[in-house]
Amino acid sequence: MWSKIPTAILFLLFAASALADSQWTLQQSTLTYHVSHPMHQIDGVSHAARGKGVCHEGQCDFLIAVPVKSFDSGDSNRDLHMVQVTRGAQFPMITVRTRLPETDADSSSIHADLEIQFAGQTAQFKQVPLQLNKQGSEIKVTGTIPATLPDFKIDPPRF
């Protein structure tokens, strides 16, 4: 069924810069979506996400944004239709926001509350498990956000 589209954050690489307050910059990203339909399975991917995090007084605010039109499923007609269905011309960006304690950067896994804006709608996802792999001043973040089209008031295509 088309309504099931989990968005997976497969790979986000943040690097810290040395300032008085910690600042993080998204250096690399791979975000995917998956569509399960009775006739076929579809995966789309984007490497165009940008983001940053700013830590101050023990709290870190993160913002990640990716253009809707940057997702590629390998079928340009399908991708154009996806942009139309999700109102990508009117709302060209998908944004993810979260606030985490600065101490979470030392953990190997966290549960984050996420606010996602997509297709002109905002949805909240509570306690999303994310894995962190720290190497020096870089942190690789992986996980899956259990988002679906109805979460953003998008009617799934019918068979």
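Every read-out reported here was derived from the displayed coordinates using simple, explicitly stated rules and does not represent laboratory data. Remember, predicted model here, so these are calculated numbers, not experimental data. Note: ideal-geometry Cβ built from the backbone for every residue, glycine included; neighbour counts use all protein chains shown.
Observations, loosely collected:
- Footprinting exposure proxy ranking of F152, F91, fewest other C-beta atoms within 10 angstrom first, gives F91, F152.
- Once backbone amide H atoms are built at 1.01 Å from N, M93 has V68 as its partners under 5 Å, excluding neighbours fewer than 5 places away on the same chain.
- In sequence order, region 65-78 has phi-based couplings of 9, 9, x, 4, 6, 7, 6, 10, 9, x, 9, 4, 5, 4 Hz under the Karplus curve 6.51 cos²θ - 1.76 cosθ + 1.60, θ = phi - 60°, and Gly or Pro positions carry x.
- Computed from phi, the 3J(HN,Hα) profile of region 111-123 under the Karplus parametrisation 6.51, -1.76, 1.60 (θ = phi - 60°) reads 10, 10, 8, 10, 10, 10, 10, 8, 6, x, 10, 10, 10 Hz, with x in place of Gly and Pro.
- Cross-link partners of K134 among aspartates and glutamates, defined as those whose alpha carbon lies under 20 angstrom from its own and excluding same-chain residues fewer than eight positions apart: D21, D61, E102, D104, D106.
- Cα gyration tensor shape for region 7-144, rounded if a/c is under 1.5, else prolate or oblate: prolate
- Under 5 Å from the amide H of C60 lie the amide H atoms of L100, E102, each residue being 5 or more positions distant or on a separate chain, with H modelled from the backbone and absent for Pro and chain starts.
- Partners for K153 among lysines (Cα-Cα distance below 29 Å; same-chain residues under 8 apart left out): K4, K52, K69, K126
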